[in-house]
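Some notes on the structure that comes next.
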Amino acid sequence: MEYGFLKIEQLDQITVMKVSAPKSLNALNSTVLKEIDHFVSNLDTTQTRVLIVTGDGEKAFVAGADISEMAHLYEKEGYEFSKIGAVAFRKLETLPIPVIAAVNGFALGGGCELAMACDIRIASNKAKFGQPEVGLGITPGFSGTYRLAKLVGQGYAKEMIFTGKAIRADEALRIGLVNAVYEPEELMDKAIEMAQKMIKNAPLAIKYAKQCINESYDLIAEDAIELENTNFGKCFATEDQKEGMAAFLEKREAVFRGK
Ligand code: CO8
């Protein structure tokens, strides 16, 4: 499908999804959100081993949900708009492959929420993160209250959300919202380098590990540990486990096939 607001690039087994709405600093209107949903729903994760999410241009990752579209909504439409983004972002979060956000500029409101639905965030030193919604008279609506508190703790999440302040990349690094900060021109290369390291490993093992990490937060300890035991066991039903261990014992590099 041709997208109006997404640019998709394929680099071998890495797919790059670039949000591209230049007139509004890549703001998320309902069409952009539906395109993200469609793209994620149809991504062939047997061919794509890592997805990188970024924003088009040098200034913004995504400057939030589209304020001009939201300005005229009432309660029911507000709920529905929130739901469109939340559903799309949840699909992104639960993809069976790693998703890296390469945050190249403003990641505000829905933009910060998009980055947080990715597994890992790396940022340019020009990036700024924030949840400024209360200054517009609304709450975060694409699961920001849930994911920000999960990532940085309730205290800092509440400070960011209640004050609406934007933080720089170095502060985002300090609080654990991003894993690393780079010069803007290095950012994509660093994202690709990280993706390539992941691609060398067994895809099913990554998928099972991701599921454990994602789901364990919402489970009691016994269930989280049981899920890990189950997924660990499942690995032994894969060819990749046989190959990975044989390669180690034969002192050669493993060739994983995702089977
Ligand atoms: N929505 C619509 N248009 C936007 C947005 C946005 N979020 N952000 C920027 N734009 C537009 C501007 O209106 C401007 O358009 P124009 O050229 O036609 O005037 C253009 O992009 C360039 O922006 P600026 O001139 O403002 O650029 P600056 O460099 O001066 O400032 C900022 C950059 C600081 C990023 C500034 O644009 C800004 O503050 N933007 C809004 C940030 C924001 O508040 N984001 C949160 C939005 S709310 C949200 O995301 C809620 C998510 C959950 C929704 C739940 C649904 C119910």
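The values are calculated or read from the model by the stated rules, or taken from the named source; none is laboratory data. A quick note: this is a predicted structure, and the numbers were derived from the prediction, not measured. Cβ placement follows ideal geometry from the backbone for every residue including glycine, while neighbour counts extend to all protein chains displayed.
Brief remarks on what is shown
- Screening residue 26 with (1) part of a loop (DSSP other than H, G, I, E, B); (2) within 9 Å of the ligand (Cβ to nearest atom); (3) in contact with a Pro (Cβ under 8 Å, 6 or more places away or on another chain) gives one miss only, at (3).
- Some residue of region 212-222 being within 30 Å of residue 64 (Cβ to Cβ), surrounded by fewer than 18 Cβ atoms within 10 Å (Cβ to Cβ), touching a residue at least 40 places away in the same chain (Cβ under 8 Å) and touching a Leu at 6+ places or on another chain (Cβ under 9 Å): no
- Meets criteria (out of contact with any Asp or Glu (no Cβ under 8 Å at 6 or more places or on another chain) and either part of a helix (DSSP H, G or I) or surrounded by 20 or more Cβ atoms within 10 Å (Cβ to Cβ) (or both)) for residue 33: yes
- Checked against the criterion of being assigned to a helix (DSSP H, G or I), within 16 Å of the ligand (Cβ to nearest atom) and either modelled with pLDDT under 95 or of a type outside the set (Gly, Ala, Ser) (or both), region 36-48 has at least one qualifying residue.
- Hey, residue 39 surrounded by 22 or more Cβ atoms within 10 Å (Cβ to Cβ) and either among the aromatic types (Phe, Trp, Tyr) or free of Cβ contacts under 8 Å to residues at least 12 places away in the same chain (or both) or not: no
- Residues of region 65-83 satisfying the condition of being more than 8 Å from the ligand (Cβ to nearest atom) and among the hydrophobic types (A, V, I, L, M, F, W, C): 71
- Hits in region 49-87 (condition: surrounded by fewer than 20 Cβ atoms within 10 Å (Cβ to Cβ) and of a type in the set (Ser, Thr, Tyr)): 68, 74, 79
- Cβ-Cβ contacts under 9 Å between residues 6 or more apart (or on different chains), taken from a first residue in region 134-153 that is surrounded by 16 or more Cβ atoms within 10 Å (Cβ to Cβ) to a second residue that is assigned to a loop (DSSP other than H, G, I, E, B) and of a type in the set (Ser, Thr, Tyr), are listed as 145/139.
- Against the list (1) in a helix (DSSP H, G or I); (2) farther than 19 Å from residue 64 by Cβ, the condition residue 176 fails is (1).
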